[in-house]
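The values are calculated or read from the model by the stated rules, or taken from the named source; none is laboratory data. Quick caveat, the model's predicted, so the values are computed rather than measured. To get the accessible areas, we keep the full protein, side chains included, count just its heavy atoms, and leave off ligands, DNA and RNA. Shrake-Rupley method; radii C 1.70, N 1.55, O 1.52, S 1.80 Å.
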Amino acid sequence: MLKPYLVVEWNDTETDAKGWLVVHNFVKGYTGGGTRMHPTVTKEEVERLAEAMAYKYVACECGTTGGCKAGIAYDYKAPDAYAVLRRFLLAMMPYIDIGVSLGSDLGTKYEDILKVFNEFGIDIPLTKSMKKNPDVLQGMKDFDELLTKRIDGLLLNDAVTGYGVAFSADEAWRFKNGRAGARVVIQGFGCVGASCALKLSQLGYKVVGISDANLLVTCDEGLDIQKLIDHKNVYGEMDPNHFETHYTVRPNTEWLDVDCDILIPSALEDVINKSNADRVQASLLVEAANIPVSAEGDEMIKRRGIDVVNDFVANLGAIRFYDAVIFGLVKPTPDAVINDIEKLCRKNTRRLFVEAKKQKKYQREIAHKIFKPAINDLLEYKEPTEAEVVQK
């Protein structure tokens with residue numbers, strides 16, 4: 001693991017909450033990443049997540065943004081969770097105001113983060129030169145408008161990452177010449193897990209198991225994903241009162257025991273580790289969550305010959321959405337955004353598997369080579385000259 005460029009530690013004065021802002025690298029003075037809140041968050045975890053973000057921005061074909069992450073060790077279900085989040089963001093405001101762009105992640109909502117930003121007259125964090133760029137300012141307006149749009153009944157921002165994971169899974173399964181109607185198990189049913197399940201069902205896959213913080217529900221014939229989404233609560237948890245009678249409810253600790261072809265962890269880090277990696281039954285692992293496999297668990301997955309679409313290849317949808325709209329790479333419409341994410345996720349996944357097969361190496365090893373981020377670049381973003389545009 002490379003050392004992060006900057007680590008800022010925060011201690012709440014009103015609770016026992018503790019938090020960290022980690023900037024792995026800057027690109028042209030800009031860096032971006034989510035803010036997670038969970039009782040188990042540690043500094044080391046946030047550092048690993050920031051590094052993954054740096055790789056993700058390279059996979060995102062982004063030449064304007066480095067990788068960062070923020071994490072708060074606190075219960076996101078606590079009554080004062082928003083107040084804790086607000087105090088953390090206030091403490092980080094000097095960094096946010098100059099181009100450290102923090103978004104949402106596990107346990108936080110983007111609308112809550114924007115609410116705090118708006119208190120300080122900040123819409124979306126930008127560098128000083130970006131704030132003077134009319135094209136970027138228009139991109140900000142377009143992005144704000146798209147945050148209100150829906151696709152397949154989901155808010156666009158809630159769909160982009162999960163849809164990208166589904167496209168990556170589908171491309172990898174096609175590369176493996178997998179059978180139609182493959183069986184999928186998803187761990188985690190927040191925005192990413194739910195939207196991933198929905199898109200995979202639309203693509204013809206059979207989602208036979210989903211686990212959340214409370215339970216695991218399975219069905220050999222496939223779960224009704226739309227109905228599960230329609231009745232989940234604000235924490236992404238399923239409501240058993242709306243399960244079909246032929247569904248089986250089991251402890252959520254048994255999610256690795258469900259027979260499946262494709263396994264998609266979509267929640268916390270290190271959920272697959274040395275204690276349970278031998279229980280993985282799928283032949284394809286697609287990482288919707290960031291760093292869901294520990295180093296020891298990964299060695300076991302590699303030895304067992306299980307194929308992997310790693311996190312920063314599969315789950316880049318949200319940051320591609322942001323960058324593509326802010327910097328005018330796509331038309332500001334929901335369909336254009338989703339089509340752009342599908343194209344990129346499929347291209348990166350295909351490249352990953354082709355190179356792994358050619359070099360006879362594990363996919364994760366290949367990913368860390370071809371998507372390696374540059375060292376810190378602290379130069380401000382500047383508009384290209386006419387000559388540079390023509391040359392490009």
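The alpha carbon convex hull volume per residue for the range 17-59 rounds to 68 Å³.
In terms of the Cα gyration tensor, with a ≥ b ≥ c the square roots of its eigenvalues, is the range 48-139 rounded because a/c is under 1.5, prolate because a/b exceeds b/c, or oblate? It is oblate, given that a/c is not under 1.5 and a/b is not larger than b/c.
Placing one equal scatterer on every Cα of the range 211-304 and applying the Debye formula, the log10 ratio I(q)/I(0) at q = 0.15, 0.16 Å⁻¹ is -0.63, -0.71.
Rg and Dmax of the range 1-116, both derived from C-alpha coordinates alone, stand at 13.2, 41 Å.
Taking the convex hull of the alpha carbon positions in the range 308-359 and averaging its projected area over all directions gives 3.7 nm². Which aspartates and glutamates, if any, have their Cα less than 16 Å from the Cα of residue 369, not counting same-chain residues under 8 positions apart? Leaving aside aspartates and glutamates fewer than 8 places away in the same chain, those within reach of residue 369 are 51, 61, 311, 355. Where both bridge residues fall in the chain, DSSP classifies roughly 45% of the beta bridges as antiparallel. Is the range 195-260 best put as rounded, prolate or oblate by its Cα gyration tensor, with a ≥ b ≥ c the root eigenvalues, rounded for a/c under 1.5, and otherwise prolate when a/b is larger than b/c, oblate when not? Cα axes put the range 195-260 in the rounded bin. What a 1.4 Å probe finds exposed on the range 254-365 is 48% carbon and sulfur by accessible area, rounded to a whole percent.
On a per residue basis, the convex hull of the C-alpha atoms belonging to the range 90-226 measures out at 140 Å³. May I have the pair-distance distribution P(r) for the range 264-303, computed from all Cα-Cα distances with 5 Å bins from 0 and rounded to whole percent? In whole percents, the pair-distance histogram is 6, 29, 36, 27, 2.
So which of 43/199; 206/302; 149/274; 56/331; 232/372 end up more than 30 Å apart by C-alpha?
Too far apart for the 30 Å limit: 43/199; 149/274; 232/372.
With semi-axes defined as the square roots of five times the eigenvalues of the C-alpha gyration tensor, the equivalent ellipsoid of the range 269-349 measures 32, 12, 8 Å, largest first. With the convex hull drawn over the C-alpha atoms of the range 157-211, the volume per residue is 57 Å³. Note that the chain presents 43 Å² accessible area per residue, ligands and nucleic acids not counted, probe 1.4 Å.
The separation of the range 193-269 from the range 95-152, counted between C-alpha centres, amounts to 32 Å. Computed with a 1.4 Å probe over protein heavy atoms only, the accessible area of residue 231 comes to about 70 Å². Within the accessible area of the range 52-206, the carbon and sulfur atoms contribute 51%, probe 1.4 Å, all protein chains present. In the range 187-343, inverting the average of 1/r over every pair of distinct C-alpha atoms gives 16.5 Å as the Kirkwood radius.
Rounded to the nearest 10 square angstrom, residue 279 shows an accessible area of 80 square angstrom against a 1.4 Å probe. With Rh defined as the Kirkwood radius, the inverse of the mean 1/r over Cα pairs, the Rg/Rh of the chain is 0.95.
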